[in-house]
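Peer 1: There's a structure below that I have some questions on.
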Amino acid sequence: MKAIVMAGGKGTRLRPLTCKQPKPMVPIAGKPMIGYILELLRKYQFTEIGMTLFYLPEVIANYFGDGREFGVNLRYFIEETPLGTAGSVKNAETFLDETFLVISGDALTDINLAEALAFHRARRALVTIVLTKVANPLDYGVGITAEDGRIRRFLEKPGWGEVFSDTVNTGIYLIEPEVFRYYEKNKAVDFSKDLFPQLLQAGEPLYGFVADGYWSDVGNLAQYRQANYDLLDGKLEFSPPGTEIAPRLWVGEGTELAPDSVVEGPVVLGKYVRVESKARLGPYSIIGDHSWVGEEASLKKAILWNHTYVGYRSEIRGAILAHHTHLKSGVSVYEGAVLGEGCTVGAKTLIKPEVRTWPDKYLESGSVLNSSLVWGNRWGATLFGRQGIVKTANLEFTPEFAAKLGVALGTVLRENSRAVVATDHFPAAQKLKGALASGLLGTGVHLLDLGVTATPVTRQAVVALEAAAGLQLGVSPSDPDHLLVECFDEQGLNINRDLERKIEQAFFTEEFRRAPVGRLGQLTTVVDFFPRYVEKILKATAYDRIKRAGFKAVVGVEAPESPVGSLLTGLLAALGCTASLLPQEALGFHRRIEHLQKELFPALAAQVRRAGADLGAFLVRNGEGLLLVDEEGTPVREEQLTALLSLAALKRSETGTIPLPVTAPLFIEEMVKANRGTVVRTKASPRGLMEKVAEARLFPTGDGRGCFQAAYDGFYALATILELMAGEEKSLAALVRRLPPYYTARQQVDCSWEAKGRIMRHLFEENKGKEIEIIDGLKVFHDQGWALVLPDAEEPAFQIFSEAVSPEVATELTAFYTGRITALQPR
């Protein structure tokens, strides 16, 4: 039998969900609403189907094609201008040469169509309207029937004073083709407002069939949510898509649930969904195909469409996320909120209840969204953070993004210049490097590819190979699902803010340089630069002294697949040291460095004692960071390592000038002064310290070209500590014990971006009478110590540092400023 599915609706009341989707394609439990209508039609042998389309017709036609995949035959009738419900059906008049059914494609129902058809034929009706009973009839066409079902009265969307029945029009009709005699083609005609009153007046057989079963017109966002929940509750004869692998848990093919994730049904998971460790999926959670739920995320009554990403410790309560929505870590989205297609939400953002966000919006981290957001941009105002560019791998940092970034980077470099490029062990970095490289080559910049190597090696290669810039792609230290791109200048230092702005301007304005075909950049592979890097370290350290000492070390790295481990053992062998690798099983598998470090120091300490080693060394951040354990198994604190490196630098320095970041404790400065040195305080950013180290030529490479950055080169820092131990003929524990006692504290306090400037102004005004320092943030000196209030450059937060005469006073100082920041924030 034949049927017409009316699928031209815009679904205005469902916006922003329908900004990029016609209403019939809005998913219910992961399946387009119109898909359930086709399933219902097929069940009752209506397999010859025409669809009337108007709004975004290609979305529906491309999805369903000729219908054979769905067990029906489909034809499409597209309106150029709106023709109304009856007018759109008239468009298909040549197709409708027998009794036919008309049904709305943007409602959800399981009404028995066979019973309705039998009623229609028994009454010999021209038109039968399928009716149902609802609690509130104001938004529908209301009908009243005689005992035999004949329509006596019909009124479209009455007021309460006009309501004469709770029986309403479902938008399902059984019609004889003779009805087309009553109106003309290509004119706007509505069934309820125009045609049905005309048929009543003409005395034609217009009947109403009051049907049982489920029906919802899904007319607003609340009804949309409820329709999803009703399907999961079994109120319809349809089942959610997927296989029911446990009571009230439906799962699509290829979906993976972490063993320690928690699921409380009813829950629907689409195809190829990944639910990570300790994530919690509460009742009525629906997650679309190819979506990802991060570690410790929490969902309840959440409706997620396809290709959504929920970051670490984010929570969603009764909200809807459309296709390609991306929540970073710590995001909270509350009841009734809706995020349109393609939105990106920064870390620690709060979206209040009932707030709607239109498609393709970018919410900066730490935002608090109190009202709906209709206008805005796809990207934030900046690309760079404290260390570089950090984006979610293959969700934000896609091949398209990588290529565009490459063109922007190449545009700010001179044509025919050279840049070094490398990656760490992160598979996404290795795969996306090609797209980034293509963009650079297209601007006429030549590339020297180091392959997979440690970040300090790339820094030195930029100088040694006389490149204008360097790029290192790798996993972000703060989030294992994010990709970090670090950009270096010709000295191997992180690029300055001026150059970052130029790259951002090129990226956002798309004012790119395109090289002629004959002047495209060339890609050259650089084979094994590491030996040259080791040679630089040997020339820059007392190699013979270290070798004579014959140190024994236990070493470890974050990822067993990383080349950093073999590079580290190779360096130690060149220094004449015996090295053994910390077994990976001693640490277990940890995706986040904060989790790793909880087990690292005990495991490393135990292995050092067991092996009788002189120290334990663990490289983090792809070789940029160094964690140490002395021969007694005691961890060397970050400040102690900085102090030891400062002492070593002082012995080599020609000027006696030691740069220290504003966050470094005062005891290091006093120690440097006691050894006839001077201290220059720098900003807390990596670039701030690197610039001053380069100016002071603290750690020259030995070949007269550039210097090492010990604070960001774990290999060189370890060699320097070994040289200090050999030169002083002291163990690492003995060197640490020579340092003066100190007491520091650190705390983070969240604060919205909008409030940061106002709070800093208040804190400046409150401390006018005290000794202060404003190199970076606000450092306030107190009688028994100091505290530094530093606005975080990447997160909606302040970092509070303190140093005092006792741990109690240091904690009190951080607590005091944390309290002030909290009190100054709007409530």
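Peer 1: Regarding segment 807-817, can at least one residue be identified that is touching a residue at least 60 places away in the same chain (Cβ under 8 Å) and assigned to a strand (DSSP E or B)?
Peer 2: No, every residue in segment 807-817 fails to be touching a residue at least 60 places away in the same chain (Cβ under 8 Å) and assigned to a strand (DSSP E or B).
Peer 1: Could you grab the pairs with beta carbons closer than 6 Å, sequence gap of 6+ or different chains, first residue in segment 342-370 and outside any strand (DSSP E or B), second one of a type in the set (Lys, Arg)?
Peer 2: What qualifies is Cys343/Lys361; Gly346/Lys328; Ala347/Lys328; Pro359/Lys20; Asp360/Arg378; Ser365/Lys348; Gly366/Lys348; Asn370/Lys352.
Peer 1: On the given criteria, is Glu184 of a type in the set (Asp, Glu) and within 27 Å of Lys43 (Cα to Cα)?
Peer 2: No: the conditions fail for Glu184.
Peer 1: I'd like the full set of residues that are hydrophobic (A, V, I, L, M, F, W, C) and closer than 12 Å to Thr541 by Cα, limited to segment 726-748.
Peer 2: Hit for segment 726-748 is Ala726, nothing else.
Peer 1: Go through (1) assigned to a helix (DSSP H, G or I); (2) surrounded by 21 or more Cβ atoms within 10 Å (Cβ to Cβ); (3) of a type in the set (A, V, I, L, M); (4) free of Cβ contacts under 8 Å to residues at least 60 places away in the same chain and name the single condition Ala408 misses.
Peer 2: Against the list (1) assigned to a helix (DSSP H, G or I); (2) surrounded by 21 or more Cβ atoms within 10 Å (Cβ to Cβ); (3) of a type in the set (A, V, I, L, M); (4) free of Cβ contacts under 8 Å to residues at least 60 places away in the same chain, Ala408 comes up short only on (4).
Peer 1: Taking the condition of being hydroxyl-bearing (Ser, Thr, Tyr) and open to solvent by 20 Å² or more (accessible area, probe 1.4 Å), how many residues in segment 777-817 meet it?
Peer 2: 2
Peer 1: Please state which one of Ile668, Ile759, Ile721 is more than 22 Å from Phe801 (Cβ to Cβ), assigned to a helix (DSSP H, G or I) and touching a residue at least 24 places away in the same chain (Cβ under 8 Å).
Peer 2: Ile721
Peer 1: Something else: Working only within segment 257-271, note down all residues that are part of a strand (DSSP E or B) and open to solvent by 20 Å² or more (accessible area, probe 1.4 Å).
Peer 2: Within segment 257-271, Leu257, Val262, Val263 meet the criteria.
Peer 1: Then there's this: What is the number of the single condition among (1) open to solvent by 10 Å² or more (accessible area, probe 1.4 Å); (2) more than 11 Å from the chain's Cα centre (by Cα); (3) of a type in the set (Val, Ile, Thr) that Ile303 does not meet?
Peer 2: (1)
Peer 1: Another question, then. Out of Ala684, Ala745, report the one residue that is under 26 Å from Glu773 (Cβ atoms), assigned to a loop (DSSP other than H, G, I, E, B) and in contact (Cβ under 8 Å) with a residue 12 or more places away in the chain.
Peer 2: Ala684
Peer 1: Please go through segment 86-134 and give me each residue that is out of contact with any helix residue (DSSP H, G or I) (no Cβ under 9 Å at 6 or more places or on another chain) and of a type in the set (Val, Ile, Thr), ordered by number.
Peer 2: Listed by number, the residues that qualify are Thr94, Thr132, Val134.
Peer 1: Looking only at residues in segment 656-693 that are over 28 Å from Glu794 (Cα atoms) and touching a Ser or Thr at 6+ places or on another chain (Cβ under 8 Å), which one is most open to solvent (accessible area, probe 1.4 Å)?
Peer 2: Thr678
For (1) in contact with a helix residue (DSSP H, G or I) (Cβ under 8 Å, 6 or more places away or on another chain); (2) surrounded by 24 or more Cβ atoms within 10 Å (Cβ to Cβ); (3) in contact (Cβ under 8 Å) with a residue 60 or more places away in the chain, each residue gets a yes or a no:
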position: Gly9; (1), (2), (3): yes, no, yes
position: Gly35; (1), (2), (3): yes, no, no
position: Arg42; (1), (2), (3): yes, no, no
position: Ile49; (1), (2), (3): yes, yes, no
position: Thr52; (1), (2), (3): yes, yes, no
position: Asn62; (1), (2), (3): no, no, no
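Peer 1: Okay, moving on. Specify the residue that is nearest to Pro82 (Cα to Cα); the eligible residues are those in segment 169-187 that are open to solvent by less than 80 Å² (accessible area, probe 1.4 Å) and in contact with a Lys or Arg (Cβ under 8 Å, 6 or more places away or on another chain).
Peer 2: Looking at the filtered set, the residue picked out is Tyr183.
Peer 1: Mind checking which residues of segment 224-276 are on the phi > 0 side of the Ramachandran plot and within 24 Å of the chain's Cα centre (by Cα)?
Peer 2: Within segment 224-276, Gly254, Tyr272 qualify.
Peer 1: Condition first: more than 21 Å from Leu520 (Cβ to Cβ), of a type in the set (A, V, I, L, M, F, W, C) and crowded, with 23+ Cβ neighbours inside 10 Å. Now tell me which residues in segment 423-449 satisfy that.
Peer 2: Residues satisfying the conditions are Phe426, Ala429.
Peer 1: Right, something else. Does Leu650 satisfy being closer than 27 Å to Glu773 by Cβ, assigned to a helix (DSSP H, G or I) and at pLDDT 90 or above?
Peer 2: No: the conditions fail for Leu650.
Peer 1: OK, next. List pairs: first in segment 553-565 and closer than 9 Å to Asn622 by Cβ, second basic (Lys, Arg) and open to solvent by 20 Å² or more (accessible area, probe 1.4 Å), Cβ under 9 Å, 6+ apart or cross-chain?
Peer 2: Glu558/Arg621
Peer 1: I'm checking my understanding of the structure. Among residues of segment 371-405 that are in contact with a strand residue (DSSP E or B) (Cβ under 7 Å, 6 or more places away or on another chain), modelled with pLDDT of 85 or more and part of a strand (DSSP E or B), which one is surrounded by the most Cβ atoms within 10 Å (Cβ to Cβ)?
Peer 2: Only one residue tops the list, namely Ile389.
A quick yes/no check of all residues on (1) open to solvent by 50 Å² or more (accessible area, probe 1.4 Å); (2) among the β-branched types (Val, Ile, Thr):
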position: Phe209; (1), (2): no, no
position: Trp215; (1), (2): no, no
position: Gln226; (1), (2): yes, no
position: Pro247; (1), (2): yes, no
position: Thr255; (1), (2): no, yes
position: Glu295; (1), (2): no, no
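Residues checked against (1) over 20 Å from Glu341 (Cβ atoms); (2) not in a loop (DSSP other than H, G, I, E, B):
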| residue | (1), (2) |
| --- | --- |
| Ala3 | yes, yes |
| Gly9 | no, no |
| Thr18 | no, no |
| Gln21 | no, no |
| Arg42 | yes, yes |
| Phe46 | yes, no |
| Gly50 | yes, yes |
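Peer 1: Looking only at segment 731-776, which residues are within 22 Å of Glu670 (Cα to Cα), out of contact with any Lys or Arg (no Cβ under 7 Å at 6 or more places or on another chain) and open to solvent by 30 Å² or more (accessible area, probe 1.4 Å)?
Peer 2: Correct list: Arg737, Arg738, Pro740, Pro741, Tyr743, Thr744, Arg746, Lys770, Glu771, Ile774.
Peer 1: Given (1) of a type outside the set (Phe, Trp, Tyr); (2) assigned to a strand (DSSP E or B); (3) in contact with a Phe, Trp or Tyr (Cβ under 8 Å, 6 or more places away or on another chain), where does Ala422 come up short, assuming only one miss?
Peer 2: The one condition Ala422 does not meet is (3).
Peer 1: Across segment 498-509, what is the total count of residues that are open to solvent by 80 Å² or more (accessible area, probe 1.4 Å) and either touching a residue at least 12 places away in the same chain (Cβ under 8 Å) or more than 11 Å from Leu383 (Cα to Cα) (or both)?
Peer 2: Qualifying residue count, segment 498-509: 2.
Peer 1: Hey, among the residues in segment 308-339 that are surrounded by fewer than 22 Cβ atoms within 10 Å (Cβ to Cβ) and charged (D, E, K, R), which one's farthest from Ala29 (Cα to Cα)?
Peer 2: Going through the qualifying residues, I end up with Arg313.
Peer 1: Oh, and also: Could you check segment 57-84 and list, in sequence order, the residues that are within 17 Å of Lys2 (Cβ to Cβ) and in a helix (DSSP H, G or I)?
Peer 2: Phe64, Arg68, Phe70, listed by residue number.
Peer 1: Find the residue count for segment 86-120, including only residues that are more than 21 Å from Phe180 (Cα to Cα), part of a loop (DSSP other than H, G, I, E, B) and open to solvent by less than 10 Å² (accessible area, probe 1.4 Å).
Peer 2: Summing the residues that are more than 21 Å from Phe180 (Cα to Cα), part of a loop (DSSP other than H, G, I, E, B) and open to solvent by less than 10 Å² (accessible area, probe 1.4 Å) in segment 86-120 gives 3.
The values are calculated or read from the model by the stated rules, or taken from the named source; none is laboratory data. If you're wondering where the values come from, they're calculated on a predicted model, not measured in any experiment. Counting neighbours? That spans all protein chains shown, and the Cβs are built from the backbone with ideal geometry, glycine included. Surface areas here come from the heavy atoms of the whole protein model, side chains and all, with no ligands, DNA or RNA. Shrake-Rupley method; radii C 1.70, N 1.55, O 1.52, S 1.80 Å.
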